[in-house]
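Notes follow the structure.
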Amino acid sequence: MRSTATLVLAASGVRPVRPTSTVSPSMPEPPGHGEVRFATFNAALTRSAAGALLAELAGPGGTQLRNVAEIVQRVRPDVLLVNEFDHDPDGLGPRLFQDRYLSVGHRGAEPIEYPYVYTAPVNTGVASGADLDGDGRVVTEPGCTGYAGDAFGFGLFPGQYGMVLFSRYPILTDRVRTFRTFRWADLPGALLPVRPDTGRPFYAEAALDVLRLSSKSHWDVPVDVGGRRPVHVLACHPTPPAFDGPERRNVLRNHDEIRFWVDYASPDAGHLYDDEGRRGGLAAGAAFVIAGDLNADPAAGDGHPKAVTQLLEHPGVRDVAPTSRGGLGPAAVDAGAAVPSGHLRADYVLPSAELPVGGSGVFWPAPDDPLFRLTGDHPFPSSDHRLVWVDVGRP
């Protein structure tokens, strides 16, 4: 049994063992003829202060940045969504990461070039001007947890926990749609939180008037992969279903952030509107790949029991459930091992149902793998998440 887990919640006692080979089984074969490799990676490239990531990228750099870049070079996705990459208004961070890390080979890995990059503002760390955490205060000065709790998405400064899409294929930027300002209250049947002791709404009317659904953003980014029609990368990073109270506001928001794509990929999506005011969802027959750290496991964790299941069971979505040996931890070499407790499936690459799929996987080397050094155990040398990839046929 191999693990589909992509998030390590705590140290698991994993320690490297002497590799049995110098060739890593974690390195996938190239995509098949006519296939494109899509991937998502919560790379944990977020920092505690505005500009800190930029300074690190521009300076001598560090082991984490090199390890993240090497993971990308080992898997070699054609289209890669990176979650938790602090956004800067000038888009300098992604360029520095490309030039100083992805374009430089690490420990025998070949450099990789992404000539096309898309990034945009996110809601994290953007002041709402309302009391969103229910503490009776409205905090508008960045840098403290009170401010982060009242921001549209939890963040100490605007752009923290941002997103970047890297692509080897042209991004059709004039056709991108973003849904950062879509209000939670405008989602029909929204699971808006209530106070369990009184049954009254958790959010005051003034807060609901401004509260956005996306904790970061929802992006529809069409990519011309060389087929007859583009593939729409539907990218997001919903809030974790934790760090709230008995009202479970983050649990419910996570559910509805995922539900957004359920509606967007369905025929009746006239209630959805993008940041330019255009209404509706995907055009009939559009090919898509949903990608991101959805912060929801279908069978475990603290999330809403239907949060990700509603998406996995959508008739227009295909789930190939990528796997890894490394998710089994110390028991990876034991064929009878079970998936360790404490590991959750959080990161997803979900093609539309009509797209053919080839290989898939989670980059999670087992302890006897020579590349185990890139993922390891707590404190993690790259990220507490794992890169997930799926090879998809051109539409």
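Among the protein heavy atoms, those of E29 account for about 140 Å² of accessible surface (1.4 Å probe, every chain in place). Put simply, the amide H of H218, placed in the peptide plane, has neighbours under 5 Å in F179, R180, leaving out anything fewer than 5 places away on its chain. Here the Karplus relation 6.51 cos²θ - 1.76 cosθ + 1.60, evaluated at θ = phi - 60°, turns the backbone of region 184-195 into coupling constants of 4, 5, 8, 7, x, x, 4, 8, 6, x, 10, 7 Hz, with x for every Gly and Pro. Across q = 0.20, 0.27, 0.28 Å⁻¹, region 116-189 modelled as identical point scatterers on its alpha-carbon atoms has Debye log10 I(q)/I(0) values of -0.86, -1.14, -1.18, in the order of the q list. Within region 78-221, the ratio Rg/Rh, alpha carbon atoms throughout and Rh by Kirkwood, equals 1.08. When each of the peptides 81-91, 311-321 is scored by how many other beta carbons lie within 10 Å of its residues on average, the order from highest to lowest is 81-91, 311-321. Relative to the Cα centre, the charge distribution of region 106-180, modelled as +1 at Lys and Arg Cβ and -1 at Asp and Glu Cβ, gives a dipole magnitude of about 360 debye.
Quote to one decimal, in nm, the extra length available between R175 and A204 on full extension: 0.36 nm per residue of separation minus the C-alpha distance between them.
6.8 nm
With everything on Cα atoms, drop me the angle between helix 249-264 and the longest principal axis of the chain, reported from 0 to 90° to the nearest 10. For 249-264 against the chain, the angle is about 80 degrees. For region 85-194, the relative contact order works out to 29 percent when only alpha carbon pairs closer than 8 Å and six or more residues apart are counted. Simple spin-label estimate for D197 and A284 gives 5.3 nm between the two label positions (7 Å along the Cα-to-Cβ direction from each Cα). Rounded to whole numbers, the Karplus 3J(HN,Hα) couplings from phi for region 277-291 are x, 6, 9, x, x, 5, 5, 4, x, 5, 8, 8, 9, 7, 9 Hz, using 6.51 cos²θ - 1.76 cosθ + 1.60 with θ = phi - 60°, and x at Gly and Pro.
Across region 217-363, C-alpha contacts under 8 Å between residues 6 or more apart give a mean separation that, scaled by the residue count, equals a relative contact order of 23 percent. Taking amide hydrogens as placed 1.01 Å from N in the peptide plane, the amide H of A269 sits under 5 Å from those of G281, each at least 5 positions away in sequence or on another chain. Residue by residue, region 74-82 carries 3J(HN,Hα) couplings of 6, 7, 6, x, 7, 10, 10, 9, 10 Hz when phi is fed to the Karplus relation 6.51 cos²θ - 1.76 cosθ + 1.60 (θ = phi - 60°); x denotes Gly or Pro.
Annotation: amide H of V357 within the under-5 Å range of G393, sequence separation 5 or more or interchain, hydrogens built in the peptide plane. For the listed peptides 346-353, 58-65, a ranking on the average number of other beta carbons within 10 Å per residue, highest first, reads 346-353, 58-65.
Which whole-number percent gives the relative contact order of the chain, counting Cα pairs below 8 Å spaced six or more residues apart? Relative contact order here is 25 percent.
For the chain, what does the convex hull of the Cα positions come to per residue, in cubic angstrom?
Spread over its residues, the Cα hull of the chain gives 139 Å³ apiece.
Legend: calculated FRET efficiency, T145 to R183, from the Cβ-Cβ distance at R0 = 25 Å, rounded to 0.05, equals 0.55.
Once the Cβ-Cβ distance of E276 and S24 is raised to the sixth power relative to R0 = 51 Å, the FRET efficiency obtained is 0.70. For the peptides 228-240, 244-256, the ranking by mean Cβ contacts within 10 Å, running from highest to lowest, is 228-240, 244-256. Model label points for S266 and T309, set 7 angstrom from Cα along the Cα-to-Cβ axis, are 1.6 nm apart.
The values are calculated or read from the model by the stated rules, or taken from the named source; none is laboratory data. These numbers come from a predicted model, not from an experiment. FYI the Cβ positions are ideal-geometry reconstructions off the backbone, even for glycines, and counts take in every protein chain you see. Accessible surface is based on the protein model in full, side chains and every heavy atom, while ligands, DNA and RNA are left aside. Shrake-Rupley method; radii C 1.70, N 1.55, O 1.52, S 1.80 Å.
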